[in-house]
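Structure record follows, encoded as structure tokens.
The values are calculated or read from the model by the stated rules, or taken from the named source; none is laboratory data. Nothing here was measured: the structure is a model prediction, and the numbers come from that model. Every residue, glycine among them, receives a Cβ derived from its backbone with ideal geometry; neighbour counts consider all protein chains shown.
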Amino acid sequence: MKKFIYAPLFFLLLTFNSSYAQLNEVKSSISSKELSKIDSLFKQYLDSGWIKGITANIAVDGKTVYNKAYGNQLNRPFKTDDILRIASQTKAITCVAVMMLFDEGKFTLDDPISKFIPAFKNPKVLDKYNKKDGSYTTVPARREITIRDLLTHTSGLGYAQIGSPEMNAIYAKAGIEAGFVTNKKLLETEINKLGKLPLALQPGEKWQYSLAMDVLGRLVEVTSGLSLDQFFRERIFRPLEMKDTYFALPKEKQDRLATVYTEDETTKTVKPWVDGAFPGATVNYPINNNGYFAGGAGLVSTSKDYGLFLQMLLNNGELNGKRLLSKRSVDLMTTNQIGSIPFGDNYFGLGFEVISEKGSKKLGQSTGSYGWGGFFGSNFWVDPKKKMVAQIYVQQWPLSHSKLSEQFKSLVYQAFQ
């Protein structure tokens, strides 16, 4: 009898000791002294007047090892739970939504997008553009755009406001915007308009950052029967307990929305953003009720929320017993999907830059690490070999001293013992 009485206590102690050992193992793999160099880096940027505020979060093996904020918002200190404009970090969430539907057999990656969005049938490619009157000629595309093309930014689409002068003009004339919109818009309407416009390049010809993720957001709507906002909320945010991630930020949380800064064109001094700092873009898009679910740029989130999303990817598609993606899909997303198409020293997967062996030698990131960033000076990556996810957020554009993210990455890897 005594053996049975004491057995539960024995197993409880065994479990506690195992968990304590794992925590110590995480701590021992990271040098607190080396991590303190990140504090010094951030303070250098703040003291130099190059930025107004910054927050960063690092987790190893699911446990937070760094979570700090420095600097100020307009009327208060920058906080680690500030709600941030994650801009193009929205793209990773859209790609996960697409791959969840891929796992359900809704489509194959090499299906033409026109199968689901007919406006993209028989695409044409820009040939000649007349600057004087905005007229242009086109040639037929050699093939249809596939879902894989969209996921890898090889579709031939351009990017409104940040693309070539010719494509910027064509998109502007059609009212196509990059996602930070002022007026009410519907994703369905805008993507149907986009599908009828010329491509900048032949599909599969070249990697070019584009509005592809906005198109994929519409694909999610068509194949799931839900709006992109609903799909994100019901299928991703609720299961992962991402409680502060939205397209439209509720009024009761708007006091936590971070201030966005910009630079004076002449003096390079940092000042609060005023619309017009970047042509055709507003920073009020999370609170102006525009109704536009831009899969490429429209979300706000926190480092805690986004860290949960990244941890799910690090765990091969699962978090806290809830599986969103198959391991196969995570593997597809995080391996080279563009073949020999040039992409600097690295590769591109399905929505992510993937660090190659050559690329790993630049800052110390492990081969196979993957990540991306956002317009307002944010960056994230996942390192499967180190079991690490890392994020950094500035909330500023432009950022003349743009080496901050690279310096941060370098210091993170110096901290590993």
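One line per residue, one yes/no per condition, for (1) over 23 Å from GLY298 (Cβ atoms); (2) not basic (Lys, Arg):
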| site | (1), (2) |
| --- | --- |
| SER88 | no, yes |
| THR108 | yes, yes |
| THR138 | yes, yes |
| LEU150 | no, yes |
| SER155 | no, yes |
| GLU166 | yes, yes |
| LYS173 | no, no |
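Cβ-Cβ distances below 6 Å connect the following pairs, each with a first residue in segment 72-84 that is under 19 Å from PHE247 (Cβ atoms), a second residue that is among the basic types (Lys, Arg) and surrounded by fewer than 20 Cβ atoms within 10 Å (Cβ to Cβ), and a separation of six or more residues or different chains: ASP82/ARG256; ILE83/ARG256.
Restricting GLU177, GLU188 to residues that are among the acidic types (Asp, Glu) and free of Cβ contacts under 8 Å to residues at least 60 places away in the same chain narrows the list to GLU188. If you go through segment 334-366 and pick out every residue that is part of a loop (DSSP other than H, G, I, E, B) and within 25 Å of GLY179 (Cα to Cα), you end up with 4.
One residue stands out among those in segment 189-211 that are closer than 14 Å to MET167 by Cα and of a type in the set (Gly, Ala, Ser): the one that is surrounded by the fewest Cβ atoms within 10 Å (Cβ to Cβ), which is GLY195.
Of the residues making up segment 245-258, those that are under 21 Å from PHE78 (Cβ atoms) and surrounded by 19 or more Cβ atoms within 10 Å (Cβ to Cβ) number 5. Criterion applied to LEU74, LEU35, LEU109 was being more than 20 Å from the chain's Cα centre (by Cα) and within 19 Å of LEU350 (Cα to Cα), and the one residue passing it is LEU109. What's the number of the condition ILE83 fails, among (1) in contact with an Asp or Glu (Cβ under 7 Å, 6 or more places away or on another chain); (2) closer than 22 Å to ASP383 by Cα? It fails just one condition, (2). Once segment 367-386 is narrowed to residues that are assigned to a strand (DSSP E or B) and out of contact with any helix residue (DSSP H, G or I) (no Cβ under 7 Å at 6 or more places or on another chain), the residue that is surrounded by the most Cβ atoms within 10 Å (Cβ to Cβ) is TYR370. Number of residues in segment 149-188 that are crowded, with 23+ Cβ neighbours inside 10 Å, more than 22 Å from the chain's Cα centre (by Cα) and over 22 Å from ASN284 (Cα atoms) equals 1. Only residues that are touching a helix residue (DSSP H, G or I) at 6+ places or on another chain (Cβ under 8 Å) and either at positive phi or touching a residue at least 40 places away in the same chain (Cβ under 8 Å) (or both) were counted across segment 222-232, and they come to 6. Annotation: ILE145 fulfils all but one of (1) among the hydrophobic types (A, V, I, L, M, F, W, C); (2) surrounded by fewer than 24 Cβ atoms within 10 Å (Cβ to Cβ); (3) farther than 30 Å from ASN288 by Cβ; the unmet one is (2).
Does LEU216 fit the bill of being at pLDDT 95 or above, closer than 27 Å to SER340 by Cα and either touching a helix residue (DSSP H, G or I) at 6+ places or on another chain (Cβ under 7 Å) or outside the structural domain of VAL98 (by TED's automatic domain parsing) (or both)? Give the derivation first.
On the way: at pLDDT 95 or above: yes; closer than 27 Å to SER340 by Cα: yes; either touching a helix residue (DSSP H, G or I) at 6+ places or on another chain (Cβ under 7 Å) or outside the structural domain of VAL98 (by TED's automatic domain parsing) (or both): yes.
So LEU216 fits the description; yes.
Looking only at residues in segment 388-411 that are over 14 Å from GLU263 (Cα atoms) and touching a strand residue (DSSP E or B) at 6+ places or on another chain (Cβ under 6 Å), the one that is surrounded by the most Cβ atoms within 10 Å (Cβ to Cβ) is TYR393. Flag not set for PRO198, criterion: in contact with a helix residue (DSSP H, G or I) (Cβ under 6 Å, 6 or more places away or on another chain) and either of a type in the set (Lys, Arg) or not assigned by TED's automatic domain parsing to the domain that holds ILE83 (or both).
Please go through (1) out of contact with any strand residue (DSSP E or B) (no Cβ under 7 Å at 6 or more places or on another chain); (2) closer than 20 Å to ILE86 by Cα for TRP273 and return the number of the only condition it doesn't satisfy. For TRP273, the failing item is (1).
Based on this model, can you work out whether LYS268 counts as in a loop (DSSP other than H, G, I, E, B), assigned by TED's automatic domain parsing to the domain that holds ARG85 and among the basic types (Lys, Arg)?
yes
Any residue at all in segment 180-203 that's on the phi > 0 side of the Ramachandran plot and assigned to a loop (DSSP other than H, G, I, E, B)? There is no residue in segment 180-203 that is on the phi > 0 side of the Ramachandran plot and assigned to a loop (DSSP other than H, G, I, E, B).
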